[in-house]
Amino acid sequence: MVLSTGSNKIKTAVFISGAGSNLKSLIKFSKLKKSPIIIKMIISNNFKAKGLQYAKIYKIKKKVFDFKNALSEKKIIHELKKDNIDLICLAGFMKILSKSFIKNFKGKILNIHPSLLPKYKGLNTHEKAIKNKDKYSGCTVHFVNSKLDSGKIINQKKVKINKLDTPKTLAKRILIQEHKLYPSAIMKIFSL
Ligand code: GRF
């Protein structure tokens with residue numbers, strides 16, 4: 001994958017909508033010497049996203065947009081280009097980006113999804129895996145294309161489903177794996 005790096009690390013924006021635990025793990029990873037990325041911006045569609053606290057804690061620029069229409073997407077694209085953002089990590093980001101947005105950052109948007117894709121695209125993945133009596137679920141990091149949760153898979157981690165699991169207990173165990181999977185996906189794509 002060829003990306004322009006500006007300084008020597010890839011300028012990255014992380015998009016969140018909620019708690020931001022994946023954001024936190026990416027920030028921690030970005031501070032390691034071996035990390036190819038530096039996180040320059042946190043973007044959210046939700047003023048109340050708990051994860052926005054990490055902007056203050058780690059002194060990272062934050063921007064909140066409503067993502068409601070083409071105009072707000074235009075503003076975001078402008079903001080990202082202005083800061084030479086070369087990688088976008090979606091991390092618990094609950095909005096679907098438009099085709100034109102994705103085109104603007106072709107091959108440079110990653111997402112983490114709490115299932116073993118191509119199984120269970122979209123919402124309520126843990127409910128679906130338990131209901132179908134699957135033995136395993138897990139998480140996937142993939143490139144974002146214009147079809148929901150369908151871009152090229154970078155890596156996955158399997159998590160065993162226990163008999164007594166509820167969507168909540170399963171989500172909790174998968175989330176722990178997500179925190180390791182996202183950094184390892186980034187390592188993988190930039191060492192290719
Ligand atoms: C994660 O399970 C992510 O895969 C999903 O939403 C959750 C977000 O968690 N899309 P957090 O905001 O990173 O804590």
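The values are calculated or read from the model by the stated rules, or taken from the named source; none is laboratory data. For clarity, every value in this text was computed on a predicted model and none was experimentally measured. Every residue, glycine as well, gets a Cβ built from its backbone with ideal geometry; the counts of neighbours run over all protein chains shown. Remember, those area values only see protein heavy atoms, side chains included, never the ligands or the DNA or RNA. Shrake-Rupley method; radii C 1.70, N 1.55, O 1.52, S 1.80 Å.
Within the stretch 143-153, which residues are without any contact (Cβ under 8 Å) to a residue 40 or more places away in the chain, open to solvent by less than 60 Å² (accessible area, probe 1.4 Å) and of a type outside the set (Asp, Glu)? Spell out how you get there, then give the answer.
We begin by selecting, within the stretch 143-153, every residue without any contact (Cβ under 8 Å) to a residue 40 or more places away in the chain; these are 143, 147, 149-150, 152-153.
Subset that is open to solvent by less than 60 Å² (accessible area, probe 1.4 Å): 143, 149-150.
Within the stretch 143-153, Phe143, Ser150 meet the criteria.
Give just the number: which of (1) more than 14 Å from the chain's Cα centre (by Cα); (2) at pLDDT 95 or above; (3) away from the ligand (no atom under 16 Å from the Cβ) does Leu87 not satisfy?
Failing condition for Leu87: (1).
Mind listing just one residue for me: the one in the stretch 162-183 that is of a type outside the set (Phe, Trp, Tyr), open to solvent by less than 50 Å² (accessible area, probe 1.4 Å) and closer than 22 Å to Ile27 by Cα and, of those, farthest from the ligand (Cβ to nearest atom)?
It comes out as Pro183.
In the stretch 127-137, which residues are assigned to a helix (DSSP H, G or I) and either open to solvent by less than 50 Å² (accessible area, probe 1.4 Å) or not charged (D, E, K, R) (or both)?
The answer is Ala129, Ile130.
Can you tell me which of (1) under 19 Å from Ser35 (Cβ atoms); (2) within 16 Å of the ligand (Cβ to nearest atom); (3) modelled with pLDDT under 95 is the one Leu110 doesn't meet?
The failed condition is (3).
Test each condition in (1) open to solvent by 10 Å² or more (accessible area, probe 1.4 Å); (2) within 16 Å of the ligand (Cβ to nearest atom); (3) β-branched (Val, Ile, Thr) for Thr140 and report the one that comes out false.
(1)
Considering Gln53, Gln156, which residue is out of contact with any helix residue (DSSP H, G or I) (no Cβ under 8 Å at 6 or more places or on another chain) and surrounded by fewer than 19 Cβ atoms within 10 Å (Cβ to Cβ)?
Within the list Gln53, Gln156, the selection yields Gln53.
When you scan the stretch 3-58, how many residues do you find that are polar (S, T, N, Q) and assigned to a loop (DSSP other than H, G, I, E, B)?
Count: 8.
For the stretch 93-126, name all the residues that are open to solvent by 40 Å² or more (accessible area, probe 1.4 Å), within 24 Å of Lys50 (Cα to Cα) and more than 16 Å from the chain's Cα centre (by Cα).
Within the stretch 93-126, Asn124 is the sole residue that qualifies.
Determine whether the stretch 154-161 contains at least one residue that is under 22 Å from Gly107 (Cα atoms), outside any helix (DSSP H, G or I), within 15 Å of the ligand (Cβ to nearest atom) and among the hydrophobic types (A, V, I, L, M, F, W, C).
Yes: the stretch 154-161 contains one or more residues that are under 22 Å from Gly107 (Cα atoms), outside any helix (DSSP H, G or I), within 15 Å of the ligand (Cβ to nearest atom) and among the hydrophobic types (A, V, I, L, M, F, W, C).
Output the residues belonging to the stretch 53-75 that are at pLDDT below 95 and under 20 Å from Gly18 (Cα atoms).
Of everything in the stretch 53-75, those that are at pLDDT below 95 and under 20 Å from Gly18 (Cα atoms) turn out to be Phe65, Asp66, Phe67, Lys68, Ser72, Glu73.
Inspect all residues belonging to the stretch 13-27 and state whether any of them is more than 16 Å from the ligand (Cβ to nearest atom), open to solvent by 10 Å² or more (accessible area, probe 1.4 Å) and touching a residue at least 12 places away in the same chain (Cβ under 8 Å).
Taking every residue of the stretch 13-27 in turn, none turns out to be more than 16 Å from the ligand (Cβ to nearest atom), open to solvent by 10 Å² or more (accessible area, probe 1.4 Å) and touching a residue at least 12 places away in the same chain (Cβ under 8 Å).
Within the stretch 28-38, how many residues are farther than 16 Å from Asn111 by Cα and either within 10 Å of the ligand (Cβ to nearest atom) or surrounded by 17 or more Cβ atoms within 10 Å (Cβ to Cβ) (or both)?
5
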